[in-house]
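Written out below as structure tokens is the structure these notes cover.
Each reported figure results from applying straightforward, stated rules to the coordinates on display, with no laboratory input. As the structure is a prediction and not an experimental result, all values here were calculated from the model. Backbone-built Cβ (ideal geometry, glycine too); neighbour counts: all protein chains shown.
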Amino acid sequence: MIVGMDQLPTTEAAVTALRALADEYAREIEVSHDIGADQTSRRTASGVGVTTDPDGSLPHEAHVEFGGRPRVRVRLYPEDDALIEVENVECPDVPRDEVPAFLRSVFEDRAYVKARRFPPGYFLVVPMPRDRTHKEFIPLLVLTPWLSERVR
């Protein structure tokens with residue numbers, strides 16, 4: 001995260017923080033932007049040619065892809081949340097302010113896969129600040145080599 005920045009009030013601030021993370025961890029980053037109600041994914045009800053929200057603002061959504069292993073994609077929504085994909089495991093509804101901490105855990109190899117014997121299953125567990133974790137179910141067919149290396 002950018003030093004001194006605890007909150008990410010806009011999508012652009014979050015993209016800036018992710019670019020700083022990419023530099024810190026020596027990863028390539030590719031960013032694309034969707035701006036306007038007619039372009040963002042959650043604005044399907046907007047009329048033809050309507051680009052602003054009812055309050056007059058322009059919604060801004062960004063898609064970020066990091067190079068290297070693990071494969072990480074981030075979709076930043078205008079509603080202050082994000083969808084993060086780690087090796088094709090979707091982690092929805094991550095608050096935008098927590099995205100840098102989530103990615104730090106993944107890039108610093110603190111994330112792991114928890115195996116359950118009965119019923120059989122796997123969960124991606126990402127430790128977060130203040131003794132919290134983000135936990136997502138992993139379908140058996142999605143267990144990639146990177147995820148398999150982290151099974152506990």
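Here's how it looks for Leu8: its modeled amide H is under 5 Å from those of Asp97, which are all 5 or more places away or on a different chain. One chain, two ends: Leu141 and Glu12. Fully extended at 0.36 nm per residue, the span grows by 43.0 nm beyond their Cα-Cα distance.
Under a 5 Å amide H cut-off, with hydrogens placed 1.01 Å from N, Thr133 pairs with Met128 among residues at least 5 apart or on other chains. Scalar couplings 3J(HN,Hα) for the range 142-149, obtained by applying the Karplus form with A = 6.51, B = -1.76, C = 1.60 to θ = phi - 60°, are 9, 5, 7, x, 4, 5, 4, 5 Hz; x denotes Gly and Pro.
Report the extension gain between Arg117 and Val31 in nm, rounded to one decimal, defined as 0.36 nm multiplied by the number of residues separating them, less their alpha carbon distance. Could the numbers behind the result be given before it?
Working: separation 86, 0.36 × 86 = 30.96 nm, distance 3.93 nm.
The Arg117-Val31 span can extend by a further 27.0 nm.
In this structure, the amide hydrogen of Val94, modeled 1.01 Å from its nitrogen in the peptide plane, lies closer than 5 angstrom to those of Ala82, Ile84, counting only residues at least 5 positions away or on a different chain. Distance between the pseudo-spin-label points of His63 and Arg110 (7 Å out from Cα toward the beta carbon): 3.0 nm.
By how many nm would the segment from Arg132 to Arg152 lengthen if fully extended, with 0.36 nm per residue of separation less the alpha-carbon distance? Don't skip to the end; give the middle numbers.
Values: separation 20, 0.36 × 20 = 7.20 nm, distance 1.83 nm.
Taking Arg132 through Arg152 to full extension adds about 5.4 nm, to one decimal.
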